[in-house]
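Working notes, beginning with the structure itself.
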Amino acid sequence: MKDAMIAAITLNPCLDQHITVNGLVVDGTNRWSRLHPYAGGKGIDVSRAIHEMGGRTIAYGFIGGPAGRTVEILLDEEGVPFSFTPIQRETRTNFIITDTKSSQQTRIDAPGPHISKKEFERFQRKMMRVRPSPDLIVASGSVPPGIPNDVYYTMTMEAKTFGVRTILDSDSQWLAEGIKAKPYLIKPNIREAEGLLNRELPTEEAVIKAALDLVEMDIEIVVISRGKDGIIAATTKEILKAVPPPVKVRSAVGAGDCTVAGLALKLANEEPLLEACRLAIAMGTAAVLTPGTELAHRADVEKLLPQIKVEDITTRRRTKTFFTASTP
């Protein structure tokens, strides 16, 4: 297996301040029992998960101010490689309040700093000068103010000029615009897929049909995540269903990003989609076993791998479609 390089892009990284209280009092004084800073952002979590599994990765994105410097220090302490583009304004700070008494969590998220035209151009030049070119680019998450909504379209098209494949994992208008560039792989969840296709997906058959409809848009691989029900992955040649074993969920934070990391690790190294789905589900499941912001641990992933069921449902789907179409 070659040692592929995976670039993970987070356009809107953040410093997450996780605050733990025992009984949140509204309109009153609260004292926290624990304050935990965390370098956040979907692409950063992808790089973090790839690094945990021993893969080669670099995290790219924008960074600025004291909060941005803290993000860099935290990643450096974890050993996660990064190459951020500096900006004048400060990296956003989010607050996540966990109430241990009620087991409820409250998020207060910032929109992100405004990125100037010059800062965006510097980022673009940096990405075009990366040598050697990465084997795969993962572009994830929201887009900060100042950057066009079609940024993922532009990024995917530029990557294609260098022969680099792109995995896109975003939402709303950013995903809708990005898929027009026909990225190598997209990984929407049910809600995001419903938004793309403007229809509900209440059953497994509906999810499979949705994945195939998205493949027909010239996206090579479509993976739709379904939480505890696993994923459906489709190409023009095969349809796979991967399901995790039942586990006790401690925290779902970063599970989707770990799933993407698993897909990227295998596909960047030219391994079969079936094995990519197996690792993706093992990593996503391992992530929910850990508390708070912790992601998948390699030891947990290795224990889970033999328990992941991956089923080739291509024949079943084609047979069902045939009989449905043939019914008078």
**Q.** Selection count where residues are in contact with a Ser or Thr (Cβ under 7 Å, 6 or more places away or on another chain) and either under 17 Å from residue 147 (Cα atoms) or of a type in the set (A, V, I, L, M, F, W, C) (or both), scope the range 175-206
**A.** 2
Q) Quick one: how many residues across the range 1-23 are outside any strand (DSSP E or B) and either surrounded by 17 or more Cβ atoms within 10 Å (Cβ to Cβ) or among the aromatic types (Phe, Trp, Tyr) (or both)? A) 4
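Listed here are the residues, each with its yes/no results for (1) of a type outside the set (Gly, Ala, Ser); (2) free of Cβ contacts under 8 Å to residues at least 12 places away in the same chain; (3) surrounded by 15 or more Cβ atoms within 10 Å (Cβ to Cβ); (4) touching a strand residue (DSSP E or B) at 6+ places or on another chain (Cβ under 6 Å).
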{"residue": "127", "(1), (2), (3), (4)": "yes, no, yes, no"}
{"residue": "135", "(1), (2), (3), (4)": "yes, no, yes, yes"}
{"residue": "142", "(1), (2), (3), (4)": "no, no, yes, no"}
{"residue": "145", "(1), (2), (3), (4)": "yes, no, no, no"}
{"residue": "153", "(1), (2), (3), (4)": "yes, no, yes, no"}
{"residue": "158", "(1), (2), (3), (4)": "yes, no, yes, no"}
Q) Out of the range 191-211, which residues are without any contact (Cβ under 8 Å) to a residue 40 or more places away in the chain and touching a strand residue (DSSP E or B) at 6+ places or on another chain (Cβ under 7 Å)? A) 193, 207, 210, 211
Q.
If I filter the range 204-227 for residues that are among the small types (Gly, Ala, Ser) and in a loop (DSSP other than H, G, I, E, B), do I get at least one hit?
A. no
**Q.** In the range 228-243, residue farthest from residue 96 (Cα to Cα) [restricted to those that are in contact with a strand residue (DSSP E or B) (Cβ under 8 Å, 6 or more places away or on another chain) and part of a loop (DSSP other than H, G, I, E, B)]
**A.** 238
Q | Filter result (surrounded by fewer than 21 Cβ atoms within 10 Å (Cβ to Cβ), out of contact with any helix residue (DSSP H, G or I) (no Cβ under 8 Å at 6 or more places or on another chain) and not charged (D, E, K, R)) within the range 68-85 | A | 70, 73, 74
Q. Quick one: which of 64, 55 is under 24 Å from residue 125 (Cα atoms) and in contact (Cβ under 8 Å) with a residue 40 or more places away in the chain?
A. 64
(Q) Being basic (Lys, Arg) and farther than 25 Å from residue 117 by Cα is the requirement here; does residue 89 meet it? (A) no
Q) Identify, please: which residue in the range 170-190 is of a type outside the set (A, V, I, L, M) and within 19 Å of residue 123 (Cβ to Cβ) and is, among those, surrounded by the most Cβ atoms within 10 Å (Cβ to Cβ)? A) 183
Q) Taking interchain pairs and intrachain pairs at least six residues apart, which have beta carbon atoms under 6 angstrom, with the first residue in the range 244-269 and under 15 Å from residue 166 (Cα atoms) and the second at pLDDT below 90? A) 269/1; 269/2
(Q) Can you find a residue that is within 30 Å of residue 36 (Cα to Cα), in contact with a helix residue (DSSP H, G or I) (Cβ under 7 Å, 6 or more places away or on another chain), surrounded by fewer than 16 Cβ atoms within 10 Å (Cβ to Cβ) and modelled with pLDDT of 95 or more anywhere in the range 280-303? (A) yes
Q. Out of all the residues in the range 37-49, is one or more without any contact (Cβ under 8 Å) to a residue 12 or more places away in the chain, acidic (Asp, Glu) and not in a strand (DSSP E or B)?
A. no
Q | Selected residue (only one of 261, 255 is at pLDDT 95 or above and under 18 Å from the mean Cα position of the chain (by Cα)) | A | 261
Q. Looking at the range 93-195, what helices (runs of 4 or more DSSP H) fall wholly within it and have at least 1 residues that are of a type in the set (Gly, Ala, Ser)?
A. 151-161, 172-178
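The values are calculated or read from the model by the stated rules, or taken from the named source; none is laboratory data. From a predicted model like this one, the values you see are computed outputs, not experimental measurements. For neighbour counting, all protein chains shown are included, and Cβ atoms are generated from backbone atoms with ideal geometry for every residue, glycine included.
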